[in-house]
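Throughout, read-outs are computed from the coordinates displayed, never taken from laboratory work. Values in this document were obtained by computation on a predicted structure and should not be read as measured data. Neighbour counts run over all protein chains shown; Cβ positions are idealised from the backbone, glycine included.
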Amino acid sequence: MALIAVLALGLLALLVLVNVRAAPDAEAPNTPASQAEQPPVEVDGVTTVRLEVPTDDLAEEPPAACTELITSIEDPTSVELTVRDPAGDEQELDADVRVSETANPWLGLKRPYDLELAEPASVLGLPASRDWVLLDHFADRSLLRTAGAMEIARRLGFDWVPRLVPANLEINGAPCGLYSFGERPTAQEGRAELEDDDVLLLADSRDLDHPRFRTDRGLQLYLPGSEGGASEAAVRFQRIEDLLYDREFPDNGYRDRIDVASFVDWYLLNELTKNLGSPFDDDVLMVLRGDDTVAMGPPWAFDASQGNRSNGSWRLDHPKGWWLQRAWYDISDDPGWRQAFSPTQLWNQRKGHYLTVLMSDPWFARRVADRWAEVSKDMATIGDFIDERAAVIADDAADNFSPPEVDGPGLPLTASAFDNDPVTYVFANDDPTVEVREGWQNEVDLLRRWIERRVAWFDGELLD
């Protein structure tokens with residue numbers, strides 16, 4: 001019924017260019033891409049999202065629309081929202097907009113936004129909701145890493161993958177750059193569908209405004225969208241964490257307490273992309289189920305992945321080598337140093353974070369290898385997907401980096417004051433005067449080469 005509703009809404013609204021194809025048998029959630037459970041989305045053009053923000057007409061100097069009108073995480077701004085699909089059809093809505101709570105507080109050139117509609121609505125043919133998002137991709141000069149990662153997740157058959165489309169953002173008529181507009185990971189019908197007793201959890205090291213608890217081994221977990229329940233969730237979750245670090249692991253029944261298939265697919269996605277935050281540092285979603293088992297949640301946050309970070313000895317820019325199998329305890333005998341230079345909240349565990357522990361179990365590692373054998377052919381064409389999406393957004397991507405003199409927002413294509421550390425960041429261009437379209441294409445080529453080499457390395461390591 002949910003699939004029929006999605007298709008019906010898309011047809012009635014006539015908001016084409018996000019075309020939803022029917023999914024086959026849902027009894028096989030761990031099947032390759034061609035049989036993934038969630039209908040994929042096709043993007044044939046770029047959407048335009050317009051925000052009209054009330055301003056003080058008597059101000060001596062009007063605020064800069066893209067950087068000074070919507071600046072708060074806590075206090076939303078009421079706006080008139082217009083979504084114009086690539087075919088020219090428009091939808092007008094009332095919304096409250098705020099800066100996303102995980103935004104870099106020091107970066108104001110291009111911010112991500114959370115949008116809350118006054119009433120639930122289907123937008124661009126997607127299931128109705130009040131909660132939507134605009135992702136900025138400032139940290140990803142290709143503007144394609146999130147799209148590529150979400151496509152990998154779809155091909156892996158994740159239960160639900162946030163559907164995002166490229167969108168030009170305008171605030172009070174000013175061009176603010178190319179974003180992704182779409183679904184925010186919320187617990188609701190048509191998105192992360194939870195049973196009555198299930199709890200959506202977010203592992204994140206940052207200080208966010210949600211109920212939270214911390215496990216005995218140091219993992220901070222939030223309950224986004226909940227008003228309470230942290231104490232009860234903490235007790236239930238702790239029992240499962242204890243199994244992973246138990247002396248009898250792996251022969252202690254832990255496999256019955258986690259959704260193994262979801263952990264395998266989540267591992268493959270984040271290991272394949274070498275996602276910076278994935279060692280349970282930030283933006284890691286999980287589901288604590290009513291039967292006291294844990295599953296990995298939907299994918300999120302891939303701007304720092306797929307070769308655009310080096311981070312010194314971590315070598316995230318190299319398409320070879322394991323990322324989530326690395327343990328960080330032995331990098332230093334000094335706990336303070338170890339904490340500062342470990343990419344995980346579980347920095348003080350000799351066995352490593354949860355996935356490091358799981359991959360130490362030969363049975364789980366075999367499941368990972370077997371799963372890769374099922375999906376490797378689908379992953380071999382991810383580079384083609386990158387090229388296809390790049391062709392769709394090429395003109396708008398060039399505009400994203402073009403100066404105000406030609407109606408662009410003037411966003412940096414090369415290293416900026418916010419990301420100019422060569423030990424940490426990787427860019428395809430060193431010359432700040434590089435022609436915009438050529439420079440952006442260099443970023444796309446860097447991404448494609450990296451992911452294709454990464455897939456080939458996976459094949460060599462995991463295929464018999």
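Observations on the model:
- Conditions (1) in a helix (DSSP H, G or I); (2) surrounded by 18 or more Cβ atoms within 10 Å (Cβ to Cβ); (3) touching a residue at least 60 places away in the same chain (Cβ under 8 Å); number of the one not met by Ala233: (3)
- Residue list for segment 436-464, restricted to those being of a type in the set (Asp, Glu), in contact with a helix residue (DSSP H, G or I) (Cβ under 8 Å, 6 or more places away or on another chain) and in a helix (DSSP H, G or I): Glu452, Asp459
- Of all residues making up segment 111-151, the number that are closer than 13 Å to Ser305 by Cβ and either among the hydrophobic types (A, V, I, L, M, F, W, C) or assigned to a strand (DSSP E or B) (or both): 5
- Contacts under 9 angstrom Cβ, first residue in segment 309-323 being on the phi > 0 side of the Ramachandran plot, partner among the polar types (S, T, N, Q) and assigned to a loop (DSSP other than H, G, I, E, B), 6 or more apart: Asn311/Thr424; Gly312/Thr424
- Applying the criterion of being β-branched (Val, Ile, Thr) and outside any helix (DSSP H, G or I) to the residues of segment 152-170, the residue that is farthest from the chain's Cα centre (by Cα) is Val165.
- The set of residues in segment 100-138 being surrounded by fewer than 19 Cβ atoms within 10 Å (Cβ to Cβ) and of a type in the set (Ser, Thr, Tyr) consists of Ser100, Thr102.
- Within segment 334-382, being among the acidic types (Asp, Glu) and without any contact (Cβ under 8 Å) to a residue 40 or more places away in the chain holds for Asp334, Asp370.
- Among the residues of segment 74-99, those that are surrounded by fewer than 17 Cβ atoms within 10 Å (Cβ to Cβ), part of a loop (DSSP other than H, G, I, E, B) and not acidic (Asp, Glu) comprise Ala87, Gly88.
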